[in-house]
Structure formats: C-alpha cells, structure tokens
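Beneath this line is the structure, given in structure tokens, with notes to follow.
Read-outs: derived from the displayed coordinates by stated rules, not from any lab. Here the structure is a predicted model, which is why all the values come from computation and not from measurement. FYI the Cβ positions are ideal-geometry reconstructions off the backbone, even for glycines, and counts take in every protein chain you see.
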Amino acid sequence: MFWRKTRAAIERFHPVHQGLVWQRTASVTLPPAEWDAVVASLARHAETVKRRKWRLPDRTVAVLVPLIRVLCEDVAPGDAIGITADLRGPQVPEKAGPSRQLPVRKPIRSITEWFALDPWLAVRAELRDGSVLELTVTDRVRYRKIHKVNPRGKHKHKTKSKAVQRITARRTLQPGQDVRRPDTPPPRTLAVRVKPGKRTVISATTKLGPAPTEQDQLQWVLAVATEPFRWTPPAAERRTA
Amino acid sequence: MNPCAVTTGFFVLGRCGRPSVTVCRCGRPVCARHVDPQGLCPECAAAQAYADPFHPGWARGYRRRYYEQSSGMYNDAVWYSWFDSYDRGQFDGGDGFDLGGYDGDGFDGDDGNDWVDS
Ligand SMILES: [Zn+2]
Ligand SMILES: [Zn+2]
C-alpha cells in the first residue's frame, strides 16, 4: 500500500507543512529560523508526494514560499512573522454569500448569481527597523450559474466565474521614524493613506480586476508593499546578520 | 581585510560588516558566512537559481529585479537609486555615489547617515 508510505512521509513534514497538506490552511506566528524550517520541509514535498490529492495547495510555491523568503530577510532572529493563509480556494461553502436570481430571456431558463469572499492571505511581520508590516490579499469572486435549454430540448448548465482582488499593505513606523513624501505619486490604481501620529501609519490599497494569475501574484503583493517603504529613506549603515 | 559588503534585508536594507574572507567576482568583499562554495556572494550565487524560491539565497537574487520592477511601476528612479547606491555603496571605495539626478533633499537630518555625500 504505497499511500501508507506517503502518508507516513507527510507525517514527518513540519507541522505547518502538514497543515497545508491536510487542511490547506496555515495560521501561525514563528521566528525566521522556524519559517526556514517550514520552507525546507515544503521543498521536499514534490519529490516525496506524488499523489495528486495531497499535492501542495495552489499559491504555496508561487506566493507563500517566496513571500516567506522576502520577509525573513527583514525580520531579526528574535522577532516573528505571522501568516494566516487559507488556500482552500473561493469555492468552500462558508466563503459564499447569498445568491439571487437574475432576469433572463429564452433560451436561458435561469441565472443564479452569488459572490464569494476569499481572504486568503494575511501577514504581519516585525521588521528590523522597528516598523511593522501587515499585508492582506482578498479575492472576491462572482459566480453565475446558468441553466439553458437548447433548440433540441436539452438542458445545459454552466457556471461562470470572475474574480477581482484587493491587496492591502500597512506599515506602522517606529516612533520618531523619518517620513518623506516620495518624489513620484503612486500609480493611480493605488490608494494611499498616511496617518501621522506617535507612530505614523502608511497604508496602500489596490483593487485588481481581473485578479492576477498565480504567476504574477507575488509581484503584485510586493508592488503594493513597496509604497509604505518609499516614504522612509534607507537607514544609516547598520550591522545586520 | 575589508568588512563584508553584502547587503542584507529586502525592504529594510542593511550591511553585513563582518570581516571578509574573500572577494566575489562582482568585487564585493564577502565574509565566511555569506560566501558560497564557489566563492560567490549571495546575490551572484542566487542569480544562478533565480527561478527557485526554495533556494536559500533566492530573495537576495530576486531583490535587484524587484527594485527595478517596482521603480518602473512607480516611475520612481529615486526608489531604485536608494537600493542601488546602498547595494554598491561600500565597495565603490566611498568616492561618491551616483544618485541619478536626485537632489538629496530629505536625507537632511538623518542622524549618522554616512552613505550619502553632501
Ligand atoms: Zn557577510
Ligand atoms: Zn557577487
């Protein structure tokens, strides 16, 4: 029974890795060294697990792993990165909102429309410079289930979906950290808010429609995360590991 | 021996500064912790493994491309020059930095900021 060996192999993976396989979710706060261990465990997945049912969820390798790598660069060994990832996709029942019927004409019999809200990524990282970075990614998917009857009287069903995505990045600066307005405004699709205070908070939000492909996803998250960093010039030379 | 000139961090840039044991082919002095088996700095080593985020040095290899892409998206040459001058800073010999037309405003009052000539 080959699957038993595979299951045993999965049970030797890092607990966060196992959660991604069994539940397709992760919600945990760990120091960078422990995230390195999670990534090292995930790196062994493809060679160990061939069974499609137990493959890593979409966005694990293309988004989650590189994002962990990036954040680990900016977080000191004693500090932590919190990640809540729900990679089950927008189709799980609890993400679906109420449905309604749209008006139709023949040969369409009915169109049922509903929206699913999928907040699939939330990140919080305490950075080396004392600021705190928070990122969220939420998909909103419109579904339309269409029922029609063709001229030969055959009933046909099909579901169409269309996804838009909201990415937010919020950076809470250290008290007294220097702030300067960037020389160029952000792209028009990006909304920026700067809230001065003891700790200045810079937030950037974008809405993308259609939602980016998995391949472009990381670049978009980092692009939105860029804005709050454009407001603080690089610090003086520091010794960092 | 010169201090290790490897740039650390991603959004928050820093400098390693440990004593170097060799010089990478890009000219960067590199410490024992940052040198790879072929004598390369993390950035040059990761450039060979660009596409694989499982490679431990991936983020450092990806970083320059990220700064290029994001400064293009924001049409913000200063953003890129912050990174580029920082990254090239220490092993340029300290004889001035190409800030790409940047007028230097905004750095005033940065305490202990020793990487920009004024
Ligand atoms: Zn070093
Ligand atoms: Zn090098």
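With a cut-off of at most 14 other beta carbons within 10 Å, and DSSP calling the residue loop, which chymotrypsin sites (Phe, Trp or Tyr not before Pro) in region B:34-67 qualify? Please list them.
Hits after loop and neighbour filter: B:Y50.
Give me A:V39, B:V6, A:V104, A:V28 sorted ascending by neighbouring Cβ count inside 10 Å, so fewest comes first.
A:V104, A:V28, A:V39, B:V6
Could you calculate the FRET efficiency of A:I111 with A:K198 from 1/(1 + (r/R0)^6), where r is the beta carbon distance between them and R0 is 56 Å, rounded to 0.05?
Efficiency, rounded to the nearest 0.05: 0.60.
Wrap a convex hull around the Cα atoms of chain A, take a quarter of its surface area, and give that in square nanometres.
Directional mean of the projected Cα hull area for chain A stands at 18.5 nm².
With a cut-off of 8 Å between alpha carbons and a minimum separation of six or more residues, what is the relative contact order of region A:1-78 in percent?
Value for region A:1-78: 36 percent.
For a 23 Å ceiling on Cα separation, which of these pairs sit above it: A:K106/A:K156; A:K95/A:K158; A:K53/A:K145; A:K145/A:K207; A:K95/A:K207; A:K95/A:K195? Walk me through the numbers on the way to the answer.
Numbers: A:K106/A:K156 13 Å; A:K95/A:K158 20 Å; A:K53/A:K145 26 Å; A:K145/A:K207 25 Å; A:K95/A:K207 19 Å; A:K95/A:K195 32 Å.
Listed pairs above 23 Å: A:K53/A:K145; A:K145/A:K207; A:K95/A:K195.
At most 15 other Cβ atoms within 10 Å and a DSSP loop assignment: could you name the trypsin sites (Lys or Arg not before Pro) in region A:27-62 that fit?
Numbers: sites: A:R44, A:K50, A:R51, A:R52, A:K53, A:R55, A:R59; in loops: A:R44, A:K50, A:R51, A:R55, A:R59.
When the trypsin sites (Lys or Arg not before Pro) of region A:27-62 are filtered for loop state and at most 15 Cβ neighbours within 10 Å, A:R44, A:K50, A:R51, A:R55 remain.
Ratio of Rg to Rh for region B:7-89, alpha carbon only, Kirkwood? Can you show the working numbers first?
Working: Rg = 13.0 Å, Rh = 13.3 Å.
We get a ratio of 0.98 for region B:7-89.
List the relative contact order of chain A as a percent without decimals, with contacts defined as Cα pairs under 8 Å and 6+ residues apart.
Over chain A, the number comes to 14 percent.
Just need log10 I(q)/I(0) for region A:1-78 at q = 0.11, 0.18, 0.26 Å⁻¹, Debye formula, equal scatterers on the alpha-carbon atoms, no solvent, rounded to two decimals.
Debye output, listed in q order: -0.28, -0.71, -1.33.
Express in whole angstrom the spacing between the alpha-carbon centres of region A:37-67 and region A:202-231.
So the two Cα centres are separated by 23 Å.
Sum -39500 (n - 2.57) across every DSSP H segment of at least 4 residues in the protein assembly as shown, then divide by the residue count to get the 222 nm mean residue ellipticity, nearest 500.
Helix-only estimate at 222 nm: -8000 deg cm²/dmol.
Of B:C16, B:C26, how do they rank once you tally other Cβ atoms within 10 Å and put the fewest first?
In increasing order of surrounding Cβ atoms, one gets B:C26, B:C16.
Provide A:D129, A:D139 in ascending order of the number of other Cβ atoms located within 10 Å of each residue's Cβ, fewest first.
Details: A:D129 22, A:D139 19.
Going from sparsest to densest Cβ surroundings: A:D139, A:D129.
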